[in-house]
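The next block holds one structure in the form of structure tokens; read it before the comments.
None of the figures in this text is laboratory data; all of them are computed from the coordinates on show. Every value quoted in this text rests on a predicted model; they were computed, and no experiment measured them. Glycine also receives a Cβ, built like all others from the backbone with ideal geometry; neighbour counts cover every protein chain displayed.
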Amino acid sequence: DDNPYNDPAYVEAIRQEYAGVWYRRYILGEWVAAEGAVYDMFDAERHVTDDAPPVVREWVGIDYGTTNPTVFLHLGQASDGILYVLDEWRHDPSAKGGRQMTDAQFSDALKGWLEGKAPRFIFVDPSAASFRLQAYRDGIPHLAAADNAVLDGIRNVASLLSAGRLIIHKRCDGLIREMSGYVWDSRAQERGEDSPVKTADHGPDALRYAVRGARSYWNKAWH
């Protein structure tokens with residue numbers, strides 16, 4: 001805003017790339033602490049739907065756990081560039097009497113869940129090398145280790161939410177619950193670090209893997 005030579009359309013485009021704490025820091029110049037809800041712009045009335053249009057390209061994001069939940073998310077981009085979280089698969093050992101699944105069982109579950117879906121890439125939690133290898137051996141294509149740049153991924157998701165360009169289908173109820181409870185870690189803030197609390201974050205992690213991995217597509221549609 002301080003540069004009179006900037007085109008107003010360019011300024012507005014840059015404004016839309018930031019939301020929440022990043023908007024206050026990078027646009028308003030307020031060097032505030034990251035606190036409270038990570039996605040404080042998330043609003044179920046605005047960001048949750050019971051319908052979705054046909055999509056022109058698809059991706060999957062996977063957060064992997066053994067004692068923690070494992071989550072698969074199916075994302076699609078409509079012709080207008082908006083991203084939709086279309087479907088969710090989740091295994092939570094704590095809800096299954098502590099029953100854990102093997103890499104082979106997760107791979108079988110993924111193969112069945114992918115029927116009728118056509119993801120360009122499946123972005124897998126980079127810590128899940130053994131699962132990714134099992135899925136590859138089982139013939140599941142388009143596997144890739146996800147980019148685990150946590151803050152960059154969160155900023156990407158926050159910007160899309162703020163602009164109304166990321167919508168979640170109501171069938172993804174686990175993700176919807178976790179989006180509202182995803183908060184910044186106050187202890188990390190005391191150390192001068194920005195980090196979310198590592199509790200009930202499995203859906204948000206799978207989401208940022210897919211959103212960050214697909215950014216060359218949605219960013220092009222946005223600009």
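Computed quantities for the displayed model
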{"quantity": "Computed lengthening from ALA109 to ASP138, 0.36 nm per intervening residue step minus Cα-Cα distance", "calculated": "9.3 nm"}
{"quantity": "Zone of SER127's modelled label, taken as backbone nitrogen in segment 179-199 under 11 Å from a point 7 Å along Cα→Cβ", "calculated": "198-199"}
{"quantity": "Under-5 Å amide H pairs with VAL183, H placed in peptide plane, nonlocal only", "calculated": "VAL38, VAL197"}
{"quantity": "Centre separation in Å (Cα based) which lies between segment 159-223 and segment 109-158", "calculated": "16"}
{"quantity": "In degrees, nearest ten, helix 202-213 long axis to first principal axis of the chain (Cα)", "calculated": "70"}
{"quantity": "Local electrostatic count, PRO126, Cβ distance below 10 Å [Lys/Arg +1, Asp/Glu -1]", "calculated": "-1"}
{"quantity": "Förster radius 22 Å - calculated FRET efficiency between SER79 and ARG177, Cβ distance, rounded to 0.05", "calculated": "0.15"}
{"quantity": "Volume per residue that the Cα convex hull of segment 72-122 spans, once the total is divided by residue count, Å³", "calculated": "86"}
{"quantity": "Size descriptor, Kirkwood hydrodynamic radius, that averages inverse alpha-carbon separations across segment 117-223, Å", "calculated": "15.3"}
{"quantity": "Loop-located trypsin sites (Lys or Arg not before Pro) in segment 50-99, at most 15 other Cβ atoms within 10 Å (DSSP)", "calculated": "LYS96, ARG99"}
{"quantity": "Cα pair distances exceeding 26 angstrom across segment 1-155, given as percent", "calculated": "44"}
{"quantity": "Lysine pairs within the chain, Cα separation less than 24 Å, 8 or more sequence positions apart or different chains", "calculated": "7"}
{"quantity": "Angle between the chain longest axis and helix 103-113 axis [Cα atoms, degrees, rounded to 10]", "calculated": "70"}
